Amino acid sequence: MSEWVVTELDGVFFKEIVEQGLREFPNESCGVIAAADGIPVKVFAMANADASPAAYRLDSKEQLHVFDEMDARGWDLWAIFHSHTHSEAYPSDTDVRLAFYPEARYILLGLADRENPVMRSFSIADGEVMEEELTIV
């Protein structure tokens, strides 16, 4: 039985992710969050290489640049985030199949109601989805 995990995200980072999602609507937005000692320190808004309202893919060249910067600063990958523009903030079958970083959390931003965005956090490993409590601080 898994232990319930509480994840905290700074309100400034929440706002950055929501603003990116609204800006890129109707396409899905995406990016990563870096952490130092387990504490989120930077949101890297990234291009959705698929430019699609139904899918996302981090641009590979941009991802390499971001991961190089994180390595240079001694930061870890804390989360991968993306928006769902017309569905709930829950990992789709595609999201689960393409979850290649089991050590990271996956944060989904639901924009079905753009006036009231919903953000949720999940761990995805070996095809298993576990929700974490996400607290915006």
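The values are calculated or read from the model by the stated rules, or taken from the named source; none is laboratory data. Since the model is a prediction, treat every value here as computed from it, not as a measurement. Every residue, glycine among them, receives a Cβ derived from its backbone with ideal geometry; neighbour counts consider all protein chains shown. Calculation scope for accessible area: heavy atoms of the full protein, side chains included, ligands and nucleic acids excluded. Shrake-Rupley method; radii C 1.70, N 1.55, O 1.52, S 1.80 Å.
Results, tabulated for the structure shown:
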| item | result |
| --- | --- |
| Candidate set from the range 1-43 (those that are surrounded by fewer than 18 Cβ atoms within 10 Å (Cβ to Cβ) and among the aromatic types (Phe, Trp, Tyr)); member that is farthest from the chain's Cα centre (by Cα) | 4 |
| In the range 36-46, the residues that are more than 16 Å from residue 18 (Cβ to Cβ) and either in a strand (DSSP E or B) or in contact with a helix residue (DSSP H, G or I) (Cβ under 6 Å, 6 or more places away or on another chain) (or both) | 36, 39, 41, 42 |
| Any hit, the range 52-64, residues being assigned to a loop (DSSP other than H, G, I, E, B), exposed (fewer than 14 other Cβ atoms within 10 Å of the Cβ), touching an Asp or Glu at 6+ places or on another chain (Cβ under 8 Å) and touching a residue at least 24 places away in the same chain (Cβ under 8 Å) | yes |
| Any chance residue 131 is at pLDDT 95 or above and among the acidic types (Asp, Glu) | yes |
| Residue satisfying condition, being aromatic (Phe, Trp, Tyr) and closer than 15 Å to residue 17 by Cα, within set 106, 101, 90 | 106 |
| Failed item, numbered, when residue 16 is tested on (1) over 20 Å from residue 134 (Cα atoms); (2) assigned to a helix (DSSP H, G or I); (3) of a type outside the set (A, V, I, L, M, F, W, C) | (1) |
| Any pair with Cβ under 9 angstrom, 6 or more apart, that starts in the range 92-107 at a residue that is more than 18 Å from residue 29 (Cα to Cα) and ends at one that is open to solvent by less than 80 Å² (accessible area, probe 1.4 Å) and in a loop (DSSP other than H, G, I, E, B) | 97/127 |
| Residue match in the range 25-41 (condition: at negative phi, at pLDDT 95 or above and touching a Cys at 6+ places or on another chain (Cβ under 9 Å)) | no |
| Test: residue in the range 87-109 that is over 25 Å from residue 5 (Cα atoms) and open to solvent by 20 Å² or more (accessible area, probe 1.4 Å) | no |
| Residue under evaluation residue 50, criteria (1) at pLDDT 95 or above; (2) in contact with a strand residue (DSSP E or B) (Cβ under 8 Å, 6 or more places away or on another chain), criterion not met | (2) |
| Residue in the range 74-90 that is assigned to a helix (DSSP H, G or I) and at pLDDT 95 or above present | no |
| Of all residues making up the range 110-122, the number that are open to solvent by 50 Å² or more (accessible area, probe 1.4 Å), of a type in the set (A, V, I, L, M, F, W, C) and not in a strand (DSSP E or B) | 1 |
